[in-house]
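Below you'll find the structure, written out as structure tokens, and then a few comments.
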Amino acid sequence: MRHLKKEKLIEVIKETRGIKTAICDMLDMGYRTLQGYLTRWDLIDFLEEQKYRTQDKVRHNLTKWIDEGNEKVTLWYAERQMFEEFGNKQEVVNKNKEPLQIVFESSESGNKNKEMLDDFMNSHEDDEE
């Protein structure tokens, strides 16, 4: 976009709530080009503020719906934010009632992923006790 004005970019940032790919689509520009405009016009903090405003609105709506007694929202919230008490602790098993296991095929990236997963699982074993 040759003649993008700062005011237009600000308008699109607000409209898209700071989602960069949506901004790029609306302005028909690449991600790097957008990043250049954001940096040049010192709009990175503004973009982050728009994302925060969306998250804040979500929190407001959740609180409102819980206060109104919306059972589905209340359960959804409880399962995620109060997992120990309300979370779904169902174990995923195969047809023989054995816990499912993640198996990586032999490849360089697969081995790295397996190592990362093993490290992650080992680091969280203490959390389960």
Using 0.36 nm times the number of residues separating Lys14 and Val92, minus their current alpha carbon distance, what extension gain do you get? 23.9 nm
To the nearest 0.05, what FRET efficiency results for Lys6 and Thr74 with a Förster distance of 30 Å applied to their C-beta separation? 0.10
Need one number: nm distance between label points at Asp56 and Lys114, each 7 Å from Cα along Cα→Cβ, rounded to one decimal. 4.8
Counted charge near Asn61, where neighbours are those whose Cβ lies closer than 12 Å (Asp, Glu -1; Lys, Arg +1): 0
With charges only on Cβ, +1 for K and R and -1 for D and E, what is the dipole size of the chain about its Cα centre, in debye, rounded to 20? 1220
Hey, if you put +1 on the Cβ of every Lys and Arg and -1 on every Asp and Glu Cβ in region 33-104, which of Val93, Gln35, Val73 ends up farthest toward the positive end of that dipole? Val93
Classify the chain as rounded, prolate or oblate from the Cα gyration tensor: take a ≥ b ≥ c as the square roots of its eigenvalues, call it rounded if a/c is under 1.5, otherwise prolate when a/b beats b/c and oblate if not. oblate
Which loop chymotrypsin sites (Phe, Trp or Tyr not before Pro) in region 29-83, with loop taken from DSSP, have no more than 15 other Cβ atoms within 10 angstrom of their Cβ? Trp41
Mark the label point 7 Å from the Cα of Arg40 along Cα→Cβ and return the residues of region 1-24 whose backbone N is within less than 12 Å of it. 1-6
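Readers should treat all values here as calculations from the given coordinates under stated rules, not as data from a laboratory. All of these numbers come straight from a predicted model, not from anything done at the bench. So basically every Cβ, Gly included, is an ideal-geometry build from the backbone, and we count neighbours across all protein chains shown.
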